[in-house]
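Quick notes on the structure that follows.
What follows is calculated from the coordinates using simple rules that are stated; it is not laboratory data. Only a predicted model underlies this, so the values are computations on that prediction, with no experimental measurement involved. No Cβ is skipped: glycine too gets one built from the backbone with ideal geometry, and neighbour counts run over all protein chains shown.
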């Protein structure tokens, strides 16, 4: 899929054609309607799940519609719209198919015009960020809800043709608001395309990115070209891009664990102590260190409150035979207790 920079039209040399049965175009039209019900949204998600082709068809129809929207004030496009409205109804799928047919006709003309009329638009970014130990709940003008985790930063750009969130660092949960414009998330070279859903994006050091889907459908691609590697996630699935920039295979997402950090909790199930400390240290200026590297492999299970290093230290001392020693104001070193193995 060709994803362009904010406000920039795709300069493809071919005009996308409507999907074979017109349902993708019909769904684009229906989901834009103010009276589109929750039941219809669920039906839409069921239709997407029937086949990967349905997802591709919808994303293409949505992209074409966005190009058409950018040219709404163009006299050439208005003339095409007037001609399309005079076309006799052909019948079709559901009561709103004629509107979708008009939209597809006008959009096809718009894409052709966009090849030579569209100019890039530089949309200023709004930056949201959190400090260490802070979480922020932010609602955007389109109804999208963002929950930024500790020490995170994102840029938001909303233009006429698309909504774009760029994850600079940290982790964010995104509950996408209903809007006719496509919603994109970028984290380095990773591109996430949303279809009305809730998902999480984490960006670590370098190119490492992880995307987990809570509900709905998202498509994750490596880069923005039409031939870029991509994965389409279902609820309870995740995919990662490693530090080398390679898109991995889909795997299961522990939904309970994923939904815990927005509540301020960290859930660990038989995870190494080294990983627990790495995660817990993100939420506090008091850093827990290991005095013996061999302790990193100890398996830990439990629910811990993010940012409460004192409670975590006490739990490790009581439950896993460790001893804590404060070396300075911002560091606590964990050692084995005398006589423990």
Global size of segment 264-336 as Cα Rg and Dmax, reported in angstrom: 10.9, 31
task: Multiply the residue gap between residue 243 and residue 310 by 0.36 nm, knock off their C-alpha separation, and tell me the result in nm, one decimal place.
output: 20.9 nm
- line: Mean 1/r over distinct Cα pairs of segment 148-204, inverted to a Kirkwood Rh in Å, yields 11.5
- prompt: When the chain is fully extended, how far beyond the present Cα-Cα distance does residue 259 get from residue 226, taking 0.36 nm per residue of separation?
  reply: 8.6 nm
- prompt: Which value results for Rg/Rh of segment 126-254 when Rg is the Cα radius of gyration and Rh the Kirkwood radius based on the inverse mean 1/r?
  reply: 0.93
query: Can you put 132, 267, 300 in order, fewest other beta carbons within 10 Å first?
result: 132, 267, 300
